[in-house]
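Note sheet for the following structure.
The values are calculated or read from the model by the stated rules, or taken from the named source; none is laboratory data. Being a predicted model, the structure only gives us computed values, none of them experimental. Cβ coordinates were reconstructed from backbone atoms using ideal geometry, including for glycine residues, and neighbour counts include every protein chain displayed. Accessible surface areas use protein heavy atoms only, side chains included; no ligands, DNA or RNA. Shrake-Rupley method; radii C 1.70, N 1.55, O 1.52, S 1.80 Å.
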Amino acid sequence: VSGSEDVSYARIAERIAEKLGVSSTLVQPSRAAATQLFLEHIPLHTTLDPTRLREELGLESPEIWLTISSILGFNF
């Protein structure tokens, strides 16, 4: 199941920094393509199409910030 919206890892890290009371400038985003790692496929988006989830199971994608909050124990 995918989240309700496409959010970058950098944006998540910035929000965590804000919740911890540290400067979000400490987050230094980088692009996967710029690394020295061989990555066979770099997706443009991290979310999946939720159509089948909704149509076949009657469920909606979880709200991304609520999901992250429940994992980390923060209120975003």
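Annotations
- Restricting the range 4-55 to residues that are in contact with a helix residue (DSSP H, G or I) (Cβ under 6 Å, 6 or more places away or on another chain) and touching a residue at least 24 places away in the same chain (Cβ under 8 Å), the residue that is least open to solvent (accessible area, probe 1.4 Å): VAL7
- Residue among THR35, THR47 that alone is closer than 14 Å to SER2 by Cβ and of a type outside the set (A, V, I, L, M, F, W, C): THR47
- Test: LEU53 is modelled with pLDDT under 85 and either of a type outside the set (Gly, Ala, Ser) or not in a helix (DSSP H, G or I) (or both): no
- Hits in the range 1-26 - residues which are under 15 Å from the mean Cα position of the chain (by Cα) and assigned to a loop (DSSP other than H, G, I, E, B): VAL1, SER2, GLY3, SER4, GLU5, ASP6, VAL7, SER8
- Given (1) in a helix (DSSP H, G or I); (2) under 16 Å from the mean Cα position of the chain (by Cα); (3) not hydrophobic (A, V, I, L, M, F, W, C), number of the condition PRO29 does not satisfy: (1)
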